[in-house]
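Chemist: Quick one: structure below, then a few questions.
Only the coordinates and a few stated rules stand behind these numbers; no lab work does. This is a predicted model, so every value here is computed, not measured. Glycine gets a Cβ as well: all are built from the backbone with ideal geometry, and neighbour counts include every protein chain shown.
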Amino acid sequence: MDFQTSSSIQLDTSILVRTRETASQTGLTRHQRRANVRGAFSVRKPEKVKGRSILIVDDVMTTGTTAGECARVLRRAGTKEVFVATVARATKEAGSILAMAGRRSIGGPQGHA
């Protein structure tokens, strides 16, 4: 397999910018989330991404709509490929577990000693 290597990895947090505020994504459906972030990001320096591979680092991914919108904007600006690295992945199961834990700590069922 032939891999093209780069001599360095560059970090630039100013290329992808939020162009408008968005409502909180909490409680929105996948369709509502997509509409909420559509057009909320732009590429400030398209010449820096043209033909390059870009890595987006996201703190928490729930449905992936924000990362997807960022990738869409980067691809339209000429990026060759976009990768996404996420620190945490939110799931429905995690939300249910957290909700149950919250109910237990607020007077819910308690274990007996």
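Chemist: Once amide H atoms are placed 1.01 Å from N in the peptide plane, what residues at a sequence separation of 5 or more from residue 84, or on another chain, have their amide H within under 5 Å of its amide H?
Modeler: Excluding prolines and chain starts, which carry no amide H, the hits are 56.
Chemist: Test of understanding: what is the full-extension gain from residue 20 to residue 75, defined as 0.36 nm times their sequence separation minus their Cα-Cα distance? Present the calculation step by step, with values, prior to reporting the outcome.
Modeler: Working: separation 55, 0.36 × 55 = 19.80 nm, distance 1.97 nm.
Taking residue 20 through residue 75 to full extension adds about 17.8 nm, to one decimal.
Chemist: With a/c under 1.5 counting as rounded, go ahead and sort the stretch 1-81 into rounded, prolate or oblate using the C-alpha gyration tensor (a ≥ b ≥ c being the square roots of the eigenvalues; past the cut-off, prolate if a/b is larger than b/c, else oblate). Mind showing how you got there, number by number?
Modeler: Numbers: a/c = 2.38, a/b = 1.88, b/c = 1.27.
Cα axes put the stretch 1-81 in the prolate bin.
Chemist: Near the amide H of residue 16, under 5 Å away, which other amide H atoms are found, from residues 5 or more places off or on another chain, if H is placed in the peptide plane?
Modeler: Amide H neighbours of residue 16: 44.
Chemist: Continuing with this model, one more query. Which of the GluC sites (Glu not before Pro) found in the stretch 1-80 are in a DSSP loop and have at most 15 neighbouring Cβ atoms, other than their own, within 10 Å? Spell out each step's value before the answer.
Modeler: Values: sites: 21, 47, 69; in loops: 21.
Loop-located and lightly packed - 21.
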